[in-house]
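K.L.:
Handing you a structure now.
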Number of protein chains: 2
Amino acid sequence: MSPKITTELLKQLRQVMKSPKYVQEPVQAYIVPSGDAHQSEYIAPCDCRRAFISGFDGSAGTAIVTEQHAAMWTDGRYFLQAAHQMDNNWTLMKMGLKDTPTQEDWLVSILPEGSKVGVDPFIIPADQWKRMSKALKSAGHDLVPVKENLIDAIWADCPQRPCKPLITLDLGYTGVSWRDKIVALRSKMAERKVPWFVVTALDEVAWLFNLRGSDVEYNPVFFAYAIIGMSTIRLFIDGDRVMDPAVREHLQLDSSLEPEFKIQVVPYGSILTELQAVGTGLSLKEKVWLSDKASYALTEAIPKAYRYLTPYTPICIAKAVKNASETDGMRRAHIKDAVALCELFNWLEKEVPKGTVTEIIAADKAEEFRSQQEDFVELSFATISSTGPNGAIIHYKPVPETNRTLSVNEIYLLDSGAQYKDGTTDVTRTMHFGTPSAYEKECFTYVLKGHIAVSAAIFPNGTKGHLLDSFARSALWDCGLDYLHGTGHGVGSFLNVHEGPCGISYKTFADEPLEAGMIVSDEPGYYEDGSFGIRIENVVLVIPAETKYNFKNRGSLTFEPLTLVPIQTKMIDVNLLTQKECNWVNDYHQKCREVIGAELERQGRHEALQWLVRETEPL
Amino acid sequence: MSPKITTELLKQLRQVMKSPKYVQEPVQAYIVPSGDAHQSEYIAPCDCRRAFISGFDGSAGTAIVTEQHAAMWTDGRYFLQAAHQMDNNWTLMKMGLKDTPTQEDWLVSILPEGSKVGVDPFIIPADQWKRMSKALKSAGHDLVPVKENLIDAIWADCPQRPCKPLITLDLGYTGVSWRDKIVALRSKMAERKVPWFVVTALDEVAWLFNLRGSDVEYNPVFFAYAIIGMSTIRLFIDGDRVMDPAVREHLQLDSSLEPEFKIQVVPYGSILTELQAVGTGLSLKEKVWLSDKASYALTEAIPKAYRYLTPYTPICIAKAVKNASETDGMRRAHIKDAVALCELFNWLEKEVPKGTVTEIIAADKAEEFRSQQEDFVELSFATISSTGPNGAIIHYKPVPETNRTLSVNEIYLLDSGAQYKDGTTDVTRTMHFGTPSAYEKECFTYVLKGHIAVSAAIFPNGTKGHLLDSFARSALWDCGLDYLHGTGHGVGSFLNVHEGPCGISYKTFADEPLEAGMIVSDEPGYYEDGSFGIRIENVVLVIPAETKYNFKNRGSLTFEPLTLVPIQTKMIDVNLLTQKECNWVNDYHQKCREVIGAELERQGRHEALQWLVRETEPL
């Protein structure tokens, strides 16, 4: 990895920071955040502005360029990568270390009095704007919105914003028509007496209209906004995508619908002016509902007294609770995914001893097997295929420089998943193709105990996921071990592999209570720097639990694993399991054998079936 | 319980709300919060203003009186009690119910335009003031500080503010001199570059100066404030208490100390003017450190730009970590407390079958046995002595109207504790003096499993207590049961039985990480309305844990029970315990027998010793 040479780019950026063509008044500093205008976790190439200006292309980081300095804030996952990718025009600001200043403090310490700090108001979320603006103001500076993005202004060969064809999803996949989703949304709006709702997150637009796209890698979404009124629907989307007859039919654009279900298709770029028009047309006490993570530009379009901001939108919450069609689809997707992984592991078992399989080859092979399955669309994230010490790098992605060959002497960790038209998968298995050491087995077994403790947990309706996090760690803690990441995240239904508003983490965030139909991952791990990584991840569905008693009539919940891929018994130290845990593993493997076995049989994959049968022998 | 007749009192209050003698301009509403000027949980009789004006004397509640209305906000624990104690001048506002308006919303809905709402600025915490003031202002009203308390103005026979003698604690009890505590505090102040610190909480003043008082029942504190500068110490305290030679000697008031350790004794009532003088004397960038829960009056004394507010003060955090002298003291106190309870339970076992022991008699007997122990000062809270259905009322305190007779047919729950000069105790035991039903034993055993799960938990250094809460519930959850309170609170060392900044609760509050030397309670329960209550509570000390491995060199922690009182084995369904849990009970009882047995022997309490030996037979 050699650093990107940014001297010329920074010179150009500093010019446009002073150019009346782009800024009303010169700005003494310019902030380049990570995100796009929808606060997406995964972004399109045209939105990788921070990577363009600095060279650093990790998933998290904020660049600030002043007349004299260029600085990059990122977290511990990326210290090494950022240091490698950036030239010495840049100062790396290591977030989380005691002596690292915040962006605000740093700006205040170096800016001349009365400075202006510019930022693209579409990229910065409103809450971040507020914090930054307040800090700067109290030190005599001003945060100013710069309408034209200054990186775009100097980015000669900036890729075009993707505008790929749309996929329509029928009721068989979604269970609920977009029309019924609009009705439900409007009833939530009526409950809160808020007549307008602005859909800003890409997965929320996609979910609401039962459409999918491929504008962003791994996330089947498309660039769009929507404004939903009590009797109007505006969809902001570009291109001739809505000229596709299937899409027109799906959205009933040419039908004579009741006016309140008639979708007006409006250019993507006109969201701001249209929203401002809504804002000026409001009568007293009418409010506009927005996510509190929406961009500053859109939030600001509505006068402060008329904003109704919530951390989770009603769509985010409705989307998290999967209906029967969606859970059926997720089950199907996970069966296909398991078939692909049985093929892969069977193949690896034969090939690894030959010394010819690298991390990249294994990842490609996994994709190949998945792509053979019906309704396969793409991967759901970049495959983490890591062996030996690479397994300890939690967000590892093999590249030629780090690519390691799998062997019978090292633990192999594969965290991978796919988008199928009927569901999204995300599964991690940790395997040994030779003979694991007693210590490796011991650690694996603690992780497994944690995995089971969450998966088999019974808890009252209304419990928040973060209250389950310690169950996953207890066995590790007993021996002085731990892992430094959360235990689970929400998973979309043929949508983003990470979604809110629920999760399982020691970090107390404002998660919504778990309820039946929600889908999360269960993925404890253990990592030994320089040696190996272990993680066992299933996607699990929240389901009602039968209990002996029923306190206050609240009802109880538990999890059903959707992922049905054998957990390598060779890695288990059975002596460390309780009888209950042993039974859990045997029951789980019995189910894998039945369900995945039948599908392997149906697909005529006999060798993989034999592998499955071997791997699901009772403990 | 007959309600207090408040017609005349409300008439008088409404008069002073308009009287120029008390208010600059008439106030249309007057707020009477629960607390005192130190935001204490337990308050002195002279501070029970809300009880005086309304009749309702529960621990939580806020009264608001307008020209037309009188309303009381309280939570679910007190709906019944408040309804019984208040006459029909009052409207009960049931907090937590969906249709109950907030105080702000209610005021806005009934006040005439441009109203003034008064409150005593010493009683309302600054954060509450801010919220209330903002809401009123946005509706065109004003929250105004009324310097003279209007309840005091009409409270003819208001009790005097207590001014009881002080107790000095020597190094044998405290481990650290007040002088060294000042040095440590100043170093924390220097770290944050804050040259002034205001001590507003009563237990923090008491801890800092190694003094105790008895101005408030159950809490060995005294009315005082302190302002600590980098080279000055001001103690605000009334009466001739500091004329006591022992106190003068302890505080070295008559010695020729270095000036920075010379304590200036100032009248309690002059805190505001002295603090204002500090505020006006500040130079640029000098700040004053206050708890963000300090009163509005004191917070407002410092100009906004000069305030340094934190949720936990450095004293609160230092006080929570007990040193060797304090933990030794706590151990001694718990041994004496256990002796008293062995005597009590032995006595109850003999007396209960006679049908002559009521809840009140049992509570009094517990106090009698405790008072026989060395260095006993008082109880640490009102004894919860409850049998049968009364046990399900979590904050029950027996009064003649509810007083029930203990019998061999009902479960008895005793939650009690005491202040000894060497430590504070808080213990709950649930007993059956006849034959418990299988169901009662089952529930008791789940609670016990939860108690053990917390007590025996091993967790990394830096873990927050709220991450342990689910361990206490897991066994109950498995059967569909739960309890609706937190699992543990911090405990002071001959100080308040409830103290911050740590605890064990499902409510995510800003608790500080647990560290060795902290002391918390471990008290899961199960309550069946109308039938019985079960709770098993020990006070436990956070200690380093030995573990097989040591991830990232972080070290691990666990708990050592300080409470050493047998857990009734008759109530345990041994079949529901794992071998590990069984061993825990046997080891715990072995330790009770050794430690408490030796002390019973020493005190010549042979019958209680026999009881202890019987009750600590291995399972």
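The values are calculated or read from the model by the stated rules, or taken from the named source; none is laboratory data. It should be emphasised that the depicted structure is a prediction, and the values quoted were computed from it without experimental measurement. For neighbour counting, all protein chains shown are included, and Cβ atoms are generated from backbone atoms with ideal geometry for every residue, glycine included. Ligands, DNA and RNA are stripped out before the accessible areas are found, and what is left, the full protein with its side chains, is counted by its heavy atoms. Shrake-Rupley method; radii C 1.70, N 1.55, O 1.52, S 1.80 Å.
K.L.:
Given (1) part of a helix (DSSP H, G or I); (2) at positive phi, identify the lone condition not met by A:LEU136.
P.N.:
Here A:LEU136 meets the rest and fails (2).
K.L.:
Let me ask something else about it. Using the structure shown, decide if B:LYS193 is under 19 Å from B:THR313 (Cβ atoms) and either touching a Ser or Thr at 6+ places or on another chain (Cβ under 8 Å) or outside any helix (DSSP H, G or I) (or both). Don't jump to the end; show me each part of the working.
P.N.:
On the way: under 19 Å from B:THR313 (Cβ atoms): yes; either touching a Ser or Thr at 6+ places or on another chain (Cβ under 8 Å) or outside any helix (DSSP H, G or I) (or both): yes.
Yes: the conditions hold for B:LYS193.
K.L.:
A further question on this structure: Of the residues that sit in the stretch A:488-501 and are open to solvent by less than 10 Å² (accessible area, probe 1.4 Å) and within 22 Å of A:TYR173 (Cβ to Cβ), which one is farthest from the other protein chains (Cβ to nearest Cβ)? Steps first, answer last, please.
P.N.:
First, pick out the residues of the stretch A:488-501 that are open to solvent by less than 10 Å² (accessible area, probe 1.4 Å): A:490-492, A:494-495, A:497, A:501.
Those left that are additionally within 22 Å of A:TYR173 (Cβ to Cβ): A:490-492, A:494-495, A:497.
Details: A:GLY490: 19, A:VAL491: 22, A:GLY492: 26, A:PHE494: 32, A:LEU495: 28, A:VAL497: 26 Å.
The residue in question is A:PHE494.
K.L.:
Then there is this: Look through the stretch A:456-468, keep the residues that are crowded, with 22+ Cβ neighbours inside 10 Å and at the interface with chain B (Cβ under 8 Å from one of its Cβ atoms), and return whichever of them is farthest from B:GLY462 (Cα to Cα).
P.N.:
Per the criteria, the residue is A:PRO460.
K.L.:
For B:VAL144, state whether it is farther than 21 Å from B:ASP215 by Cα, in the same structural domain as B:THR200 (by the TED database), touching a residue at least 60 places away in the same chain (Cβ under 8 Å) and open to solvent by 20 Å² or more (accessible area, probe 1.4 Å). Steps first, please.
P.N.:
Values: farther than 21 Å from B:ASP215 by Cα: yes; in the same structural domain as B:THR200 (by the TED database): no; touching a residue at least 60 places away in the same chain (Cβ under 8 Å): yes; open to solvent by 20 Å² or more (accessible area, probe 1.4 Å): yes.
Considered against the rule, which asks whether it is farther than 21 Å from B:ASP215 by Cα, in the same structural domain as B:THR200 (by the TED database), touching a residue at least 60 places away in the same chain (Cβ under 8 Å) and open to solvent by 20 Å² or more (accessible area, probe 1.4 Å), B:VAL144 comes out as no.
K.L.:
Here's a follow-up. Scan the stretch A:513-525 residue by residue and report those that are open to solvent by less than 10 Å² (accessible area, probe 1.4 Å) and either part of a strand (DSSP E or B) or outside the structural domain of A:THR563 (by the TED database) (or both).
P.N.:
A:ILE519, A:VAL520, A:SER521, A:ASP522, A:GLY525
K.L.:
Check the stretch B:469-487 and report whether any residue there is under 25 Å from B:GLU410 (Cα atoms) and more than 13 Å from every other protein chain (Cβ to nearest Cβ).
P.N.:
The answer is yes, given that some residue of the stretch B:469-487 is under 25 Å from B:GLU410 (Cα atoms) and more than 13 Å from every other protein chain (Cβ to nearest Cβ).
K.L.:
Looking only at the stretch B:588-619, count every residue that is within 21 Å of B:GLU560 (Cβ to Cβ) and free of Cβ contacts under 8 Å to residues at least 12 places away in the same chain and tell me the total.
P.N.:
2
K.L.:
Of the conditions (1) under 23 Å from the mean Cα position of the chain (by Cα); (2) crowded, with 19+ Cβ neighbours inside 10 Å, A:SER505 satisfies every one except a single condition; which number is it?
P.N.:
Going through (1) under 23 Å from the mean Cα position of the chain (by Cα); (2) crowded, with 19+ Cβ neighbours inside 10 Å one by one, A:SER505 breaks only (2).
K.L.:
So which of A:ILE411, A:ILE458 ends up being in the same structural domain as A:ILE519 (by the TED database), of a type in the set (Val, Ile, Thr), touching a helix residue (DSSP H, G or I) at 6+ places or on another chain (Cβ under 8 Å) and closer than 17 Å to A:SER521 by Cα? Please lay out each step first, then the result.
P.N.:
Working: A:ILE411 fails: closer than 17 Å to A:SER521 by Cα.
Result of the check over A:ILE411, A:ILE458: A:ILE458.
K.L.:
Further question: Looking at A:TYR446, A:TYR439, which one is touching a Cys at 6+ places or on another chain (Cβ under 8 Å), within 14 Å of chain B (Cβ to nearest Cβ), open to solvent by 10 Å² or more (accessible area, probe 1.4 Å) and farther than 30 Å from A:TRP207 by Cβ? Quick ask: steps written out before the conclusion?
P.N.:
Details: A:TYR439 fails: touching a Cys at 6+ places or on another chain (Cβ under 8 Å).
That would be A:TYR446, the only listed residue that is touching a Cys at 6+ places or on another chain (Cβ under 8 Å), within 14 Å of chain B (Cβ to nearest Cβ), open to solvent by 10 Å² or more (accessible area, probe 1.4 Å) and farther than 30 Å from A:TRP207 by Cβ.
K.L.:
Does B:GLY329 fit the bill of being open to solvent by less than 40 Å² (accessible area, probe 1.4 Å), of a type outside the set (Phe, Trp, Tyr), over 18 Å from B:ILE536 (Cα atoms) and assigned to a helix (DSSP H, G or I)?
P.N.:
Criteria met by B:GLY329.
K.L.:
OK, next. Suppose the filter is free of Cβ contacts under 8 Å to residues at least 12 places away in the same chain and more than 31 Å from the chain's Cα centre (by Cα); does B:SER231 pass it?
P.N.:
Values: free of Cβ contacts under 8 Å to residues at least 12 places away in the same chain: no; more than 31 Å from the chain's Cα centre (by Cα): yes.
Here the answer is no, as B:SER231 does not meet what is asked.
K.L.:
Please tell me if A:ILE394 is at pLDDT below 95 and buried (at least 17 other Cβ atoms within 10 Å of the Cβ). If you could, list the steps in order and put the result at the bottom.
P.N.:
On the way: at pLDDT below 95: yes; buried (at least 17 other Cβ atoms within 10 Å of the Cβ): yes.
So A:ILE394 passes the test.
K.L.:
Return yes when A:SER505 is touching an Asp or Glu at 6+ places or on another chain (Cβ under 8 Å) and small (Gly, Ala, Ser) and no when it is not. It would help to see each step written out before you state the result.
P.N.:
Numbers: touching an Asp or Glu at 6+ places or on another chain (Cβ under 8 Å): yes; small (Gly, Ala, Ser): yes.
For A:SER505, the condition - touching an Asp or Glu at 6+ places or on another chain (Cβ under 8 Å) and small (Gly, Ala, Ser) - is met.
K.L.:
Let me ask something additional. Can you find even one residue in the stretch A:470-478 that is open to solvent by 10 Å² or more (accessible area, probe 1.4 Å) and under 26 Å from the mean Cα position of the chain (by Cα)?
P.N.:
Scanning the stretch A:470-478, I find at least one residue that is open to solvent by 10 Å² or more (accessible area, probe 1.4 Å) and under 26 Å from the mean Cα position of the chain (by Cα), so the answer is yes.
K.L.:
Taking B:ALA453 and the conditions (1) surrounded by fewer than 24 Cβ atoms within 10 Å (Cβ to Cβ); (2) within 9 Å of chain A (Cβ to nearest Cβ); (3) over 26 Å from B:HIS334 (Cα atoms), which numbered condition does it fall short on, given that it satisfies the others?
P.N.:
If we test B:ALA453 against (1) surrounded by fewer than 24 Cβ atoms within 10 Å (Cβ to Cβ); (2) within 9 Å of chain A (Cβ to nearest Cβ); (3) over 26 Å from B:HIS334 (Cα atoms), just (3) comes out false.
K.L.:
Here's another thing I want to ask about it. Tell me the residue from B:LEU272, B:LEU290, B:LEU253 that is buried (at least 16 other Cβ atoms within 10 Å of the Cβ) and part of a loop (DSSP other than H, G, I, E, B), please.
P.N.:
Details: B:LEU272 fails: part of a loop (DSSP other than H, G, I, E, B); B:LEU290 fails: part of a loop (DSSP other than H, G, I, E, B).
Residue meeting the stated conditions: B:LEU253.
K.L.:
What's the total number of residues in the stretch B:1-19 that are open to solvent by 20 Å² or more (accessible area, probe 1.4 Å) and either within 23 Å of B:LEU107 (Cα to Cα) or of a type in the set (D, E, K, R) (or both)? Steps first, please.
P.N.:
Initial filter on the stretch B:1-19 (open to solvent by 20 Å² or more (accessible area, probe 1.4 Å)): B:1-5, B:7-9, B:11-12, B:14-15, B:18-19.
Next cut, either within 23 Å of B:LEU107 (Cα to Cα) or of a type in the set (D, E, K, R) (or both) only: B:4, B:7-9, B:11-12, B:14-15, B:18-19.
Residues in the stretch B:1-19 being open to solvent by 20 Å² or more (accessible area, probe 1.4 Å) and either within 23 Å of B:LEU107 (Cα to Cα) or of a type in the set (D, E, K, R) (or both): 10 in total.
K.L.:
Only residues that are of a type in the set (Asp, Glu) and more than 15 Å from B:ARG14 (Cα to Cα): list them for the stretch B:35-74, please.
P.N.:
Start the filter on the stretch B:35-74 by keeping residues that are of a type in the set (Asp, Glu), which leaves B:36, B:41, B:47, B:57, B:67.
Of everything in the stretch B:35-74, those that are of a type in the set (Asp, Glu) and more than 15 Å from B:ARG14 (Cα to Cα) turn out to be B:ASP36, B:GLU41, B:ASP47, B:ASP57.
K.L.:
Across the stretch A:407-436, what is the total count of residues that are polar (S, T, N, Q) and open to solvent by less than 20 Å² (accessible area, probe 1.4 Å)?
P.N.:
Keep residues of the stretch A:407-436 that are polar (S, T, N, Q), which gives A:407, A:409, A:416, A:419, A:424-425, A:428, A:430, A:435.
Filter once more, so that each one left must be open to solvent by less than 20 Å² (accessible area, probe 1.4 Å): A:416, A:419, A:424-425, A:428, A:430.
Selection size over the stretch A:407-436: 6.
K.L.:
Quick check on my filter: what residues within the stretch B:558-589 are acidic (Asp, Glu) and assigned to a helix (DSSP H, G or I)?
P.N.:
Quick first cut of the stretch B:558-589, residues acidic (Asp, Glu) only: B:560, B:573, B:581, B:587.
The answer is B:GLU581, B:ASP587.
K.L.:
Out of everything in the stretch A:526-566 that is surrounded by fewer than 20 Cβ atoms within 10 Å (Cβ to Cβ) and among the charged types (D, E, K, R), what residue ends up being farthest from the other protein chains (Cβ to nearest Cβ)?
P.N.:
Only one residue tops the list, namely A:GLU560.
K.L.:
Given A:ALA226, A:ALA318, A:ALA324, A:ALA294, which one is more than 30 Å from A:LYS193 (Cβ to Cβ), under 27 Å from the mean Cα position of the chain (by Cα) and among the aliphatic types (A, V, I, L, M)? Quick ask: steps written out before the conclusion?
P.N.:
Details: A:ALA226 fails: more than 30 Å from A:LYS193 (Cβ to Cβ); A:ALA318 fails: more than 30 Å from A:LYS193 (Cβ to Cβ); A:ALA294 fails: more than 30 Å from A:LYS193 (Cβ to Cβ).
On inspection, the qualifying residue turns out to be A:ALA324.
K.L.:
Could you count how many residues in the stretch B:1-28 are of a type in the set (A, V, I, L, M), within 14 Å of B:ILE151 (Cβ to Cβ) and not in a helix (DSSP H, G or I)? So that I can check it myself, show each step before the final result.
P.N.:
The first filter runs over the stretch B:1-28 and keeps only residues of a type in the set (A, V, I, L, M), leaving B:1, B:5, B:9-10, B:13, B:16-17, B:23, B:27.
In the following step, the residues that additionally are within 14 Å of B:ILE151 (Cβ to Cβ) were identified as B:9-10, B:13, B:16-17, B:23, B:27.
Subset that is not in a helix (DSSP H, G or I): B:17, B:23, B:27.
Here the count works out to 3.
K.L.:
Now, a different point. Residues in the stretch A:275-287 that are of a type in the set (Gly, Ala, Ser) and either touching a Leu at 6+ places or on another chain (Cβ under 9 Å) or not in a loop (DSSP other than H, G, I, E, B) (or both): how many?
P.N.:
Our first condition is that a residue be of a type in the set (Gly, Ala, Ser); within the stretch A:275-287, this holds for A:277, A:279, A:281, A:283.
Add one more test, that the residue is either touching a Leu at 6+ places or on another chain (Cβ under 9 Å) or not in a loop (DSSP other than H, G, I, E, B) (or both), and what stays is A:277, A:279.
Residues flagged as of a type in the set (Gly, Ala, Ser) and either touching a Leu at 6+ places or on another chain (Cβ under 9 Å) or not in a loop (DSSP other than H, G, I, E, B) (or both) within the stretch A:275-287 amount to 2.
K.L.:
Could you say whether any residue in the stretch A:203-220 is of a type in the set (Phe, Trp, Tyr) and either in a strand (DSSP E or B) or without any contact (Cβ under 8 Å) to a residue 60 or more places away in the chain (or both)? I'd like the intermediate steps shown before the answer.
P.N.:
If we filter the stretch A:203-220 for residues that are of a type in the set (Phe, Trp, Tyr), which is where we start, we get A:207, A:209, A:218.
Going one step further and asking which of them are either in a strand (DSSP E or B) or without any contact (Cβ under 8 Å) to a residue 60 or more places away in the chain (or both), we end up with A:209.
Yes: the stretch A:203-220 contains one or more residues that are of a type in the set (Phe, Trp, Tyr) and either in a strand (DSSP E or B) or without any contact (Cβ under 8 Å) to a residue 60 or more places away in the chain (or both).
K.L.:
Take A:ARG131 and tell me if it is in contact with a Cys (Cβ under 8 Å, 6 or more places away or on another chain) and not in a strand (DSSP E or B).
P.N.:
Criteria not met by A:ARG131.
K.L.:
Need at least 1 residues that are more than 18 Å from A:LEU562 (Cα to Cα) per element, so show me which strands (runs of 3 or more DSSP E) inside the stretch A:378-452 make the cut, counting only ones lying wholly within it. Break it down stepwise before answering.
P.N.:
On the way: elements: A:384-387, A:411-416, A:418-420, A:427-432.
Filter on the stretch A:378-452 gives A:384-387, A:411-416, A:427-432.
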